[in-house]
Amino acid sequence: MRGLGKLILMQIKLYIREPVATFFTVIFAPMLLVLFGAIYGNKPNPFFGGRGTIDISVPSYIALIIISVGFMGIPIATAADREAGVLRRFRTTPLRPSAYIFSNIAAYYLMTLVGVIVLVIVGKAGYGMRFSGNILSCWLGFTLAVLAFFAMGYVVASLAPTARIAQAVGMILAFPMMFLGGASIPMEVLPQSVRNFGRFIPSSHVVTLMRGLWIGESWTKHLTEAAVLGGVLILGMFLAARTFRWE
Amino acid sequence: MQAITIDNLAKSYGTVRAVDGVSFEVRSGEIFGMVGPNGAGKTTTIECLEGLRRPDGGKIRVLGLDPQRQGYELRERIGVQLQEGSLPDRLRVGEAMEVFSSFYRKPITWPPLLELIGLADKSKAAFGKLSGGQKQRLLIALALVNDPELVFLDELTTGLDPQARRAMWDMVKGIRDKGKTVFLTTHYMEEAEHLCDRVAIIDRGIIVALDSPQNLVAALEAENRVVFSVKEKIDAAPFKKIPGVTRVEQSEERVIIYGKGDGLLVRIVMALESGRIRFRDLRTEQPNLDDVFIALTGKEMRD
């Protein structure tokens, strides 16, 4: 596809130039890690099944990064581009609409991946994070979660009439995902009632899956999570394709 | 050779008939203007031609292609400046040129184009930091990166100051002089009169007139007006006797004489001289496209 490489590069540059987006993608989670690392260290703790705070926080914070890109980055940027007429301008060229969407998703995906890599490096270098999983398996789990959440983000962008509403709706959805699904506060710390409720929040399945894969558990132990995220992905893609608007 | 043929185009939004049976042809190499008030159907027409909107009825050929079925092929060969098109604020001028160039099979080298529109020194500037005129010039440059045969310019100068507007007119003439066809819309009659080889006047989705601006004005057979100021009340009788004069009006110091024919001005000045009437601020007012619009639609152009 002609121009796709340059378009992806452009999307990445634009992302990096947006300070708020970059902060929540690349800096926020490592910052939390440093903060809680300074308070609790990473000593093995029976409360976390013999793991340290950092060991369980790194895979959980991966969900945190995914939520912020999927529910804050994508809806706001997509709706704002639509509102300003940016999407219309690209439609007047021979560029295929699918190529434009693909370039957007590729840029978001790569930035999310960078955020995760920074998080892992901080955990490893700063606190000797333990990892006993399979990297390929973790990458697959990450990719599944990312695509499922991005699809939801596009649905929010398409259904919201304006960028401001997209922002508000994204925030309203993002906060419970961040705080009730174990993405920021470990599930072990949450009261039982919240943990029961959390199962209905998609992000809790990302956290469970990533924490499991992180310690080398097999996918067969996480069929529920895989099914939920796969279902969200398929439903989200279907809805996003049906509702997406260029103007 | 026709760049555009459009036959009985119709498009409604709900119960509103935005375009109601529009037909015309645009010749290769001309600047063709569609003028009319806001909401007359200009943008709907242009967007149907660009393939961005699906018409309810009618037949359209642009460069021999059907914009709906051969849209991608068509967009290789046309340039488009949208009325409500924009770029990301943080995208830089040079980056925009580079990215848009990369979408086409045969892009031109873009740095000379930036030179031409006077933005060569702004290559590293962010789109959001440009002035209104600079943004508009960049959007036009983007419409030219594929060396198009046909350029669409929708409300090119809306929101620009008079100086920027003049500069834009020169740019558009430059595009035509390179042998390209230009299709533009405007709600400024002055712009259409100055710029267009032929003009279609559209009102409420219908073409009410189509010709060169000169022919449209001439067809009106409207009167010229000679206007001047005097100190005291004048006697209208000697002026009414002048051949061609139809009417003389005076309100306060201001006198307006209506009439037709060559030599009208000379005869009026001679009558002023022989009557020893001291006058000042004498000028003539010719009918223009605004008058054509009023005559055809019975209303003023709304801005």
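The charge dipole of the protein assembly as shown, taken about the Cα centre with unit charges on the Cβ atoms of Lys, Arg (+1) and Asp, Glu (-1), comes to about 1340 debye, rounded to the nearest 20.
When Rg and the Kirkwood Rh are both derived from Cα coordinates, the Rg/Rh ratio for chain A amounts to 0.98. The label point for B:GLN250 and the one for A:ILE39, both projected 7 Å from the Cα toward the Cβ, are 9.3 nm apart. Across peptide A:10-18, the average count of Cβ atoms from other chains found within 10 Å of a residue's Cβ is 4. The residue among A:GLY133, A:THR162, A:TYR100 whose Cα reaches farthest toward the positive pole of the charge dipole of region A:4-243, with charges on the beta-carbon of Lys, Arg, Asp and Glu, is A:TYR100. Averaging Cα coordinates gives a centre for region B:117-147 and one for region A:107-173; these two points are 35 Å apart.
When the charge dipole of region B:149-303 is built from unit charges on Cβ atoms (+1 for Lys and Arg, -1 for Asp and Glu) and taken about the Cα centre, the candidate among B:ALA192, B:ALA219, B:GLN286 whose Cα reaches farthest toward its positive end is B:GLN286.
What does the average come to when, for each residue of peptide A:127-136, you count the partner chain Cβ atoms lying within 10 Å of its Cβ? Each step should come with its number before you reach the end.
Details: counts 0, 0, 0, 0, 0, 0, 0, 0, 0, 0.
The per-residue average across the peptide is 0.
Along its principal axes, region A:146-218 has C-alpha extents of 41, 27, 16 angstrom, given from the largest down. Using the Cβ-Cβ distance between B:SER123 and B:ALA236 with R0 = 56 Å, the FRET efficiency computed as 1/(1 + (r/R0)^6) comes to roughly 0.30.
Can you divide the C-alpha Rg of region A:1-81 by 2.2 N^0.38 Å and report the result to two decimal places? Display every interim value, and only then the final one.
Details: Rg = 17.1 Å, N = 81, 2.2 N^0.38 = 11.7 Å.
That works out to 1.46 for region A:1-81.
In this label model, B:SER212 and A:ARG245 are separated by 4.6 nm, measuring between points 7 Å along each Cα→Cβ vector.
Highest mean first, what order results for B:120-128, A:70-78 on Cβ atoms within 10 Å?
Details: B:120-128: 14.9, A:70-78: 25.6.
Top to bottom by mean Cβ count within 10 Å: A:70-78, B:120-128.
Below 15 angstrom from the Cβ of B:GLU252, what's the summed charge of the other residues (Lys, Arg +1; Asp, Glu -1)? Net local charge, B:GLU252 excluded: 0. Could you tell me the convex hull volume per residue, in Å³, taken over the Cα atoms of the protein assembly as shown? Hull volume normalised by residue count: 207 Å³. Take the alpha carbon atoms of region A:5-48, find their center, do the same for region B:35-76, and report the distance between the two centers in whole angstrom. What the calculation gives is 46 Å, centre to centre. What residues have an amide H closer than 5 Å to that of B:ILE31, excluding those fewer than 5 places away on the same chain, when H is modeled at 1.01 Å from N in the peptide plane? Close amide H contacts, sequence-distant or interchain: B:VAL182, B:ASP197, B:ARG198.
Pairs of Cα atoms nearer than 8 Å and 6+ residues apart set the relative contact order; for region B:2-218 it is 29 percent.
Over 17 Å, how big is the tail of the calculated P(r) for region B:223-286, in percent of all Cα pairs?
Values: 557 of 2016 pairs.
Counting pairs separated by more than 17 Å, the tail of P(r) holds 28 percent.
The alpha-carbon of A:LYS124 sits under 19 angstrom from the alpha-carbons of these lysines, leaving out residues fewer than 8 places away in its chain: A:LYS43. The aspartates and glutamates whose alpha-carbon is closer than 12 Å to the alpha-carbon of A:LYS6, local same-chain residues fewer than 8 away aside, are B:GLU95, B:GLU98.
Between B:ALA219 and B:ASP147, what is 0.36 nm times their sequence separation minus the Cα-Cα distance? Round to one decimal in nm.
Details: separation 72, 0.36 × 72 = 25.92 nm, distance 3.73 nm.
Residue separation times 0.36 nm, minus the Cα-Cα distance, leaves 22.2 nm.
Remark: C-alpha extents of region B:1-106 on the principal axes read 42, 32, 26 Å, sorted largest to smallest. Dimensions of chain B along the principal axes, based on C-alpha atoms and rounded to the nearest Å, stand at 73, 46, 35, largest first.
Mean Kyte-Doolittle of at least 0.0 and a Cα length of 20 Å or more along the axis: which whole DSSP H helices of chain A meet both? Please report the intermediate quantities before stating the final value.
Details: long enough: A:53-67 (21 Å, 1.87); A:97-127 (45 Å, 1.44); A:135-159 (36 Å, 2.03); A:163-180 (26 Å, 1.63); A:223-243 (29 Å, 1.58).
Answer set is A:53-67, A:97-127, A:135-159, A:163-180, A:223-243.
Within the same chain, aspartates and glutamates fewer than 8 places from B:LYS260 are excluded, and of the rest, those with a Cα less than 13 Å from its Cα are B:GLU221, B:GLU223, B:GLU285. Cross-link check: pairs B:LYS11/B:LYS178; B:LYS42/B:LYS122; B:LYS42/B:LYS135; B:LYS106/B:LYS180 evaluated at a Cα-Cα cut-off of 28 Å; pairs beyond the cut-off: B:LYS11/B:LYS178; B:LYS42/B:LYS122.
Using Cβ point charges alone (K and R +1, D and E -1), the dipole size of region A:4-243 about the Cα centre works out to roughly 440 debye.
Note down the magnitude of the dipole of region B:2-218 about its Cα centre, charges +1 on Lys and Arg C-beta and -1 on Asp and Glu C-beta and zero elsewhere, to the nearest 20 debye. Provide the component values of the computation, followed by the final result.
Values: 28 positive and 29 negative charges, 95 e Å.
Dipole of region B:2-218, to the nearest 20 debye: 460 debye.
Evaluate peptide A:92-100: per residue, the Cβ atoms of other protein chains within 10 Å of its Cβ; return the mean as an integer.
On the way: counts 17, 15, 12, 7, 2, 0, 0, 1, 0.
If you average over the peptide's residues, the count of other-chain Cβ atoms is 6.
Between B:ARG166 and B:GLU73, the simple spin-label model (points 7 angstrom out along Cα→Cβ) gives 4.5 nm.
FYI, it's all coordinate maths here, none of it is from the lab. Bear in mind the structure is a predicted one, so any value in this text is a computation, not a measurement. Ideal geometry is used to build each Cβ from the backbone, glycine not excepted, and the neighbour counts take in all protein chains shown.
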